[in-house]
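Worksheet: the structure to be examined is printed underneath.
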Amino acid sequence: MPIREITLAKGEAELHLDLDAGGRATRLSIGDLEVLASVDPASPFHWGSFVMAPWAGRIRDGQFTVDGQAHRLDVNWPPHAIHGTVADRPWWCVEHTDTEAVIDCPLDDRWPWRGFVRQVISLSEDAAKFGIAVYADDTPFPAAAGWHPWFPRRLVRGGPLELDVSAEAILERDDAQIPTGARGPIPPQPWDDCFDNVRWPVTLTWPDALQLEVSGDTRYGVIFTEPDDAICVEPQTGPPDALNLEPTLVTPDRPLTAEMTWTWRLS
């Protein structure tokens with residue numbers, strides 16, 4: 001039987017992956033602490049930690065143009081297309097050990113070109129490392145990618161979540177909640193904003209319980225703090241609407257890659 005769930009374990013840490021649920025990390029347990037939130041498990045976008053590819057965030061009206069040719073995406077967050085095509089697709093195990101997994105997902109017919117996305121995930125006693133690679137099979141295409149982890153504001157013990165983030169600016173949004181291309185100062189919370197030139201790590205602290213640092217090799221990070229019970233810290237290779245604003249060209253010999261690391265310390 002094909003492998004559909006994988007649990008990585010090291011020391012007090014366990015990371016559970018569900019390949020039928022978009023290849024997402026559904027649980028990160030560190031001792032008695034559950035570090036990933038489930039806000040709405042009926043939605044592919046509101047629980048655990050999932051990959052966004054071949055774009056991340058919103059694409060305005062589900063439309064973009066390449067070499068003068070217009071392309072339309074499924075509008076799954078009206079009036080926009082959001083978060084790519086692999087969060088609601090089955091993934092497939094390439095290989096795994098007790099502490100590392102390699103899993104793949106093909107790009108389906110909701111995307112105009114052929115290709116696939118690969119995740120490489122590894123776990124140590126105090127860190128989880130994630131890699132994304134977006135591959136083109138034969139024809140180059142524009143892309144962006146990132147992760148969308150949900151973290152709870154409260155753990156089973158300790159104080160409420162405190163967030164420490166530093167960045168150069170945010171991308172200003174229009175009435176459609178799409179970046180305009182202009183940069184502006186960082187406003188007070190709550191945020192549903194794309195931060196530019198993030199100074200990783202972003203630090204999440206649950207006093208008297210856990211400190212977790214989110215690091216990425218990406219220029220951008222979306223931070224979502226509007227919900228009362230959870231927040232998101234999302235390293236992304238491009239901003240929302242990247243296929244129109246700042247696409248990265250993926251070719252058969254040059255995939256789009258990104259890395260994210262969570263490092264933690266118990267209090």
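We did not get these values from a lab; they are worked out from the coordinates using the rules stated. These numbers were taken from a predicted model, which means no experiment stands behind them. Virtual Cβ from ideal backbone geometry, glycine too; neighbours counted across all protein chains shown.
Projected onto the charge dipole of the chain (+1 at Lys/Arg Cβ, -1 at Asp/Glu Cβ, origin at the Cα centre), which of Leu28, Leu73, Leu171 gives the Cα projection farthest towards the positive end?
In the chain, that residue is Leu73.
First select every other residue whose beta carbon is under 9 angstrom from the beta carbon of Pro79; then total the charges, Lys and Arg +1, Asp and Glu -1.
Result for the local shell: 0.
Grab the Cα-Cα distance for Ser38 and Lys129, subtract it from 0.36 nm times how many residues apart they are, and report the gain in nm with one decimal. Please report the intermediate quantities before stating the final value.
Numbers: separation 91, 0.36 × 91 = 32.76 nm, distance 2.08 nm.
Between Ser38 and Lys129, full extension yields an extra 30.7 nm.
To the nearest 20 Debye, how big is the dipole of the chain about its Cα centre, given +1 on the beta carbon of each Lys and Arg and -1 on that of each Asp and Glu?
Numbers: 21 positive and 42 negative charges, 36 e Å.
Using Cβ point charges on Lys, Arg, Asp and Glu, the chain gives about 180 debye.
For the chain, what number results from the quotient of the Cα radius of gyration and 2.2 N^0.38 Å?
0.96
Would you tally the net charge around Ala56, using a Cβ to Cβ cut-off of less than 12 Å, leaving Ala56 out, and scoring K and R as +1, D and E as -1? If you can, show how the numbers build up before the last one.
On the way: positive: Arg58; negative: Glu234, Asp241, Glu246.
Summing Lys and Arg as +1 and Asp and Glu as -1 gives -2.
Give the residues of the range 236-251 whose amide nitrogen is closer than 15 Å to a point set 7 Å from the Cα of Val66 in the direction of its Cβ.
So the set is 242-251.
Between Ser215, Ser122, Ser29, which gets the highest mean-square fluctuation from a Gaussian network model of the chain, Cα cutoff 10 Å?
Per the Cα network of the chain with a 10 Å cutoff, Ser29 tops the list.
For Arg183, what is the net charge nearby, where nearby means another residue's Cβ is under 11 Å from its Cβ and Lys, Arg count +1, Asp, Glu -1? Please report the intermediate quantities before stating the final value.
Numbers: positive: none; negative: Glu168, Glu172, Asp196.
Residues near Arg183 contribute -3 overall.
Given the options Gln236, Gln63, Gln189, state which has the largest fluctuation in a GNM of the chain using a 10 Å cut-off (strictly under) for Cα springs.
In this elastic network of the chain, the residue with the biggest mean-square fluctuation among Gln236, Gln63, Gln189 is Gln189.
So what's the gap between the Cα centers of the range 232-253 and the range 1-80, to the nearest angstrom?
16 Å
In a GNM of the chain with a 10 Å cut-off on Cα contacts, which of Arg199, Arg254, Arg118 has the highest mean-square fluctuation?
Arg254
Select from Ile186, His16, Leu107 the residue farthest towards the positive end of the dipole of the chain; place +1 on Cβ of Lys and Arg, -1 on Cβ of Asp and Glu, and compute about the Cα centre.
Leu107
Normalised by the residues of the range 5-266, what does the relative contact order come to in percent, with Cα pairs under 8 Å and at least six apart?
On the way: 728 pairs, mean separation 51.4, N = 262.
Rounded, it is 20 percent for the range 5-266.
Going 7 Å from the Cα of Leu266 along its beta-carbon direction, which residues of the range 196-211 have the amide nitrogen within less than 14 Å of the resulting point?
Only 208-211 fall inside the zone, counting backbone N under 14 Å.
How large is ³J(HN,Hα) for each residue in the range 217-225, as worked out from phi by the Karplus curve 6.51 cos²θ - 1.76 cosθ + 1.60 (θ = phi - 60°), to whole Hz, x for Gly and Pro?
9, 9, 6, 9, x, 8, 10, 10, 10
Which one, Trp91, Thr218, Trp206, projects farthest toward the positive side of the charge dipole computed for the range 5-266 from Cβ point charges (K/R +1, D/E -1)?
Thr218
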